[in-house]
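Peer 1: First the structure, which I've put down as structure tokens, then a few questions once you've had a look.
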Amino acid sequence: MATTPACPVHYDPLDEATLADPYPVLAALRAQAPLVWHGAMECWLVTRYDDCVRVLRDHEHFARDPRRLGRTVPEASLSVQVLDPPHQANVRSAFMTALHAQDLDTLQDGARRAIASRLEALAPRPSWDAVSELAQPVALHAIADLLGVTPPPLSEWVQVSDTIMQSMDGGLNPDLVEPGRLARERLSTLVASWFTTTGRPAGLLGHVRARTADADPQLARHLVHTARVMFQGGYSTLSAAIGNIVDTLARNPQAQRALREAPQLRATGVDELVRYDGPVQGTSRLAATDITLGGITVHRGQTVTVLFQAANRDGGHFEHPSRLLLDRSPNRHLGYGWGTHACLGTIVAQRVLLALVDALANHPGLLHPAGPTRRRATATMRTFDQLAVVLQP
């Protein structure tokens, strides 16, 4: 079998139709070419659930850290999301221990009250933008509360975060790389100040600081870089997830009524909403050795791109994958990644999204589309630039 078969399905993640609805082309890829070389993207596309999970679990054969292939990595990029086991162990342990020490019930309740207050203020208006007036401020304040820091001004932060997020598509558009590097430097300066300012931060970063005060210089740098990734990645992922959930519910009033009438559906419903239209479209690994995947030889050094959204609609793993089933259980979707590089803030994202669903279900109005929507032209993150909605009885 040829190692690089031609892709029989045209897949351009930035195509306007694909941005609007990627699921038909992902289904075609999964059916016709579940593992296929994409010449323009210079990577293997992986679309079947089992293959995706294998790549994410097998860090021995699929590397996240390019240095394992003899490539250079900027020091500022070495965080828990880049380091592979066992080198990421101390960093990940420090953050996970700190995370489990947080009062997540209080965080969730605070997010629910803040969202409910926003909905009350927005409800009388004929339409409002769910991105700028709900998703972005809620996500920023939630992640800042978790880390125990004072958030930067929203308008300034959105610009920095968007530049970093767009640079994740630097392989498709090299012009995005340098602005992203400069934005990361700006954010790194802010995050480094959180580790040096007397008395701040509290919360998760305060816990990390207190227990790693005597860390060696390399570990200390990795902790700062991981805090930067957690702040920016947590914000961008949560903001995108809020927008996608609002959009899905606005288009499914029956689901809104079900969540209102049956509160027991809300926990499973949040997981299903993320599976149904999640924020992160995929991630990449490098083959650390020649290895067979899906009956095809992947050669050492080749990039393998795991498409989460394709895996989350795999009918071989999910019954009725294109349907929104709020009581779906079990629901081991890949919306937050998988394995040692899964999103550190998964449990917090779930709490904030449950707060969102609670606040919407307890509001007398129902969400409805109310005008223009515009998806952001990004391949890595599935998110909105504009999402007009209205709350009506």
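Peer 1: Within the bounds of the range 329-348, is there any residue that is within 20 Å of the chain's Cα centre (by Cα), part of a loop (DSSP other than H, G, I, E, B) and over 28 Å from Arg228 (Cα atoms)?
Peer 2: yes
Peer 1: Hey, can you tell me all the residues within the range 276-321 that are assigned to a strand (DSSP E or B) and either touching a Gly at 6+ places or on another chain (Cβ under 6 Å) or of a type in the set (A, V, I, L, M, F, W, C) (or both)?
Peer 2: Val280, Leu286, Ala287, Ile291, Leu293, Ile296, Val298, Val304, Thr305, Val306, Leu307
Peer 1: Considering only residues of the range 65-110 that are touching an Asp or Glu at 6+ places or on another chain (Cβ under 8 Å) and in a helix (DSSP H, G or I), which is farthest from Gln302 (Cα to Cα)?
Peer 2: Going through the qualifying residues, I end up with Gly110.
Peer 1: Check off (1) within 15 Å of Thr268 (Cβ to Cβ); (2) buried (at least 20 other Cβ atoms within 10 Å of the Cβ); (3) among the charged types (D, E, K, R) for Arg382 and give me the number that stays unchecked.
Peer 2: (1)
Peer 1: Between residues in the range 16-38 that are within 10 Å of Arg375 (Cβ to Cβ) and residues that are surrounded by fewer than 17 Cβ atoms within 10 Å (Cβ to Cβ), which pairs lie under 7 Å by C-beta distance while being six or more apart or on different chains?
Peer 2: Thr18/Asp12; Leu19/Ala377
Peer 1: Name the one entry in Leu387, Leu324, Leu273 that is in contact (Cβ under 8 Å) with a residue 24 or more places away in the chain, out of contact with any Pro (no Cβ under 8 Å at 6 or more places or on another chain), closer than 25 Å to Val25 by Cα and part of a loop (DSSP other than H, G, I, E, B).
Peer 2: Testing whether each residue is in contact (Cβ under 8 Å) with a residue 24 or more places away in the chain, out of contact with any Pro (no Cβ under 8 Å at 6 or more places or on another chain), closer than 25 Å to Val25 by Cα and part of a loop (DSSP other than H, G, I, E, B) leaves just Leu324.
Peer 1: I've got another one for you. Please find, within the range 161-198, the residue that is surrounded by the most Cβ atoms within 10 Å (Cβ to Cβ) out of those that are of a type in the set (S, T, N, Q) and more than 27 Å from Pro13 (Cβ to Cβ).
Peer 2: Among those residues, the one meeting the criterion is Ser188.
Peer 1: Which condition number does Ser188 fail, the rest of (1) at pLDDT below 90; (2) assigned to a helix (DSSP H, G or I); (3) out of contact with any His (no Cβ under 8 Å at 6 or more places or on another chain) being met?
Peer 2: (3)
Peer 1: Based on this model, can you work out whether His100 counts as of a type outside the set (Asp, Glu) and in contact (Cβ under 8 Å) with a residue 12 or more places away in the chain?
Peer 2: For His100, the condition - of a type outside the set (Asp, Glu) and in contact (Cβ under 8 Å) with a residue 12 or more places away in the chain - is not met.
Peer 1: Within the set of pairs 6+ apart or on separate chains, which have a first residue in the range 60-75 that is over 18 Å from Thr226 (Cα atoms), a second that is among the polar types (S, T, N, Q) and surrounded by 12 or more Cβ atoms within 10 Å (Cβ to Cβ), and C-beta atoms under 8 Å apart?
Peer 2: From the range 60-75, the pairs are His61/Thr289.
Peer 1: Scan the range 126-149 for residues that are within 18 Å of Val352 (Cα to Cα) and hydroxyl-bearing (Ser, Thr, Tyr) and report the count.
Peer 2: So the answer is 1.
The values are calculated or read from the model by the stated rules, or taken from the named source; none is laboratory data. Because the structure is a prediction, the values reported are computed rather than measured. Note that we place each Cβ from the backbone using ideal geometry, even for glycine, and neighbour counts take in every protein chain shown.
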